[in-house]
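No value in this document is a laboratory result; all are computed from the given coordinates. As the structure is a prediction and not an experimental result, all values here were calculated from the model. Reconstructed Cβ throughout: ideal geometry from the backbone, glycine too, with neighbour counts over all protein chains shown.
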Amino acid sequence: MFELHHLSAQDQWDWLQRGEVTPVELAEHYLTRIERLNPDLGAFAHVDADRALARAAEVAETPRSAELWGLPLADKELAQRAGSPASFGSRALVGRIAESSDPIVRTLDRAGAVSLGSTAAPEFGFPSYTEPIGRPPARNPWNTDLGPGGSSGGAAVAVAAGLLPFAPGSDGGGSVRIPAAAVGLVGIKPTRSLIQADRWSLGQLVVNGPLARSVADAAMLLDAMIARPPREVDGDSDRLLGHAVRGEGRFQLGVTTQSPWDTGYDIVLDPAARTALESAIELLAELGHGIDEVSLPDISGYPSAFRSLWQGGASAVPLDDGQLELVEPLTAWLVRTGRNLPVRQLVEGLATLDAFSRDLVSTWFGPHSARVDAVLTPALAMTPRPIGWWDGEDPERNFAQQVQYTPFTSFANVSGLPAITLPVHQTEDGLPMGVQLVGPPRGEATLLSIARQLERRLQWPSRHPAMW
């Protein structure tokens, strides 16, 4: 039986434009699904049906030209909306209410979106899984014994299960791309500074990005998140959605299974991850793209330097000593270690990562490099992890587990390069597995074109979890 959530986000917008459905009716449809399915999925941290329906009625009285006019979505729990809960997923801040809205919230409101509430995130977004203490974990719709990754785990679950047409997330070390890969979605981490940063961006690592069921829907939301001046909205010349829909061009692609964490941790690529990568390489070659192996520049100092930056960024989390007793072991370790970090160690770490970034861009995309248009890597090193797999007592081991699960994502944040993950393979157990494409600065259009070509060949958006 047909239901509204079976439509793509773009099709839902078209229906809204033609008056075949109203913003209120669409919001009501998704709120009903959330009420029925969220208790078993843990996708939402907070749902405000009354506020959402009032907002939908308000949007219905505005011009329909807004980019996301009437489309439902939800704020990630780490983004603040004035008057809404703002605990950042932490027991230490339960009951806190945001006094003002973050830039990304205001931007999406101006685009005509209707927020239904907030999607679940782990404490302060630090882990690459979404199992906050004191609340139900977010569960993977493809197999609810497994997690969706993190930190935009709730957003990924909501979109994959048809509780939202698409959703914004934030990505500081893979936090959009990891959950997208774990639940069979498209996730985009844009070029640093392409989207206005929120008030707490962890050393400029964190950027906002979309999660969606298709490349075109992801590009549609990304376009709205960029918040161009009004005079640019009517032109198609730099609208990413157009590149995603067309999916044209032949490109020279690099491929690597090397990770910048290889010198610090034992990184093992699961056979399912390798199969997904090999499938993508085969398809890309069939589509006429050139494929060459590429390598990372010197990675010897990367693991310790990134740890220092992650801990240094965590030190700024606004928690006093009493509140630190209430947070999870990983958070306490990151914050306390960061606050005790010698300034010299942090400065040296930043210098190491800056040198790595310059060398990476030069090696892959510079005038004296192999001049590839994008680089293909695995999205994850493992299949989605079981709920409770992560060490809840030993933060050092927990950090190592996260690195071993997601070794291919953080370097795009360090370098500021755009990256996209998309599903290309399904395991014998029915789990989606994806790949990642990394592009040069402002190379989103190229990434979307390549991803769209893969998507057209695979017809992945027609695959859904059983609860669909």
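Do we find that residue 263 is closer than 30 Å to residue 429 by Cα and either hydroxyl-bearing (Ser, Thr, Tyr) or surrounded by 14 or more Cβ atoms within 10 Å (Cβ to Cβ) (or both) in this structure? Judged against the criteria, residue 263 is not a match. Residues that are within 25 Å of the chain's Cα centre (by Cα) and not basic (Lys, Arg): which helices (runs of 4 or more DSSP H) entirely in the stretch 5-62 hold 3 or more of them? Ranges flagged: 9-18, 23-41. Please work out if residue 384 is within 13 Å of residue 181 (Cβ to Cβ), in a loop (DSSP other than H, G, I, E, B) and either in contact (Cβ under 8 Å) with a residue 60 or more places away in the chain or out of contact with any helix residue (DSSP H, G or I) (no Cβ under 7 Å at 6 or more places or on another chain) (or both). So residue 384 passes the test.
Listed by first and then second residue, the pairs linking a residue in the stretch 12-41 that is among the polar types (S, T, N, Q) to a residue that is not in a helix (DSSP H, G or I), with Cβ atoms under 6 Å apart and 6 or more places separating them unless they lie on different chains, are 12/165; 17/64; 38/44.
Residue 323 falls short on exactly one of the conditions (1) within 25 Å of the chain's Cα centre (by Cα); (2) over 19 Å from residue 172 (Cβ atoms); (3) assigned to a helix (DSSP H, G or I), and that condition is (1).
Which residue, of 338, 349, is crowded, with 19+ Cβ neighbours inside 10 Å, under 30 Å from residue 257 (Cβ atoms) and not aromatic (Phe, Trp, Tyr)? Residue meeting the stated conditions: 349.
Of all residues in the stretch 416-431, those being surrounded by fewer than 23 Cβ atoms within 10 Å (Cβ to Cβ) and either closer than 16 Å to residue 299 by Cα or within 15 Å of the chain's Cα centre (by Cα) (or both) number 1.
Checking each residue in the stretch 239-280 for being in contact with an Asp or Glu (Cβ under 7 Å, 6 or more places away or on another chain) and either within 27 Å of residue 384 (Cβ to Cβ) or in a loop (DSSP other than H, G, I, E, B) (or both) picks out 239, 251, 253, 254, 255, 256.
Within the stretch 38-51, the set of residues being surrounded by 21 or more Cβ atoms within 10 Å (Cβ to Cβ) and within 12 Å of residue 75 (Cα to Cα) comprises 43, 44, 45. Among the residues of the stretch 326-354, those that are farther than 23 Å from residue 404 by Cα, in contact (Cβ under 8 Å) with a residue 12 or more places away in the chain and outside any helix (DSSP H, G or I) comprise 326, 327, 341.
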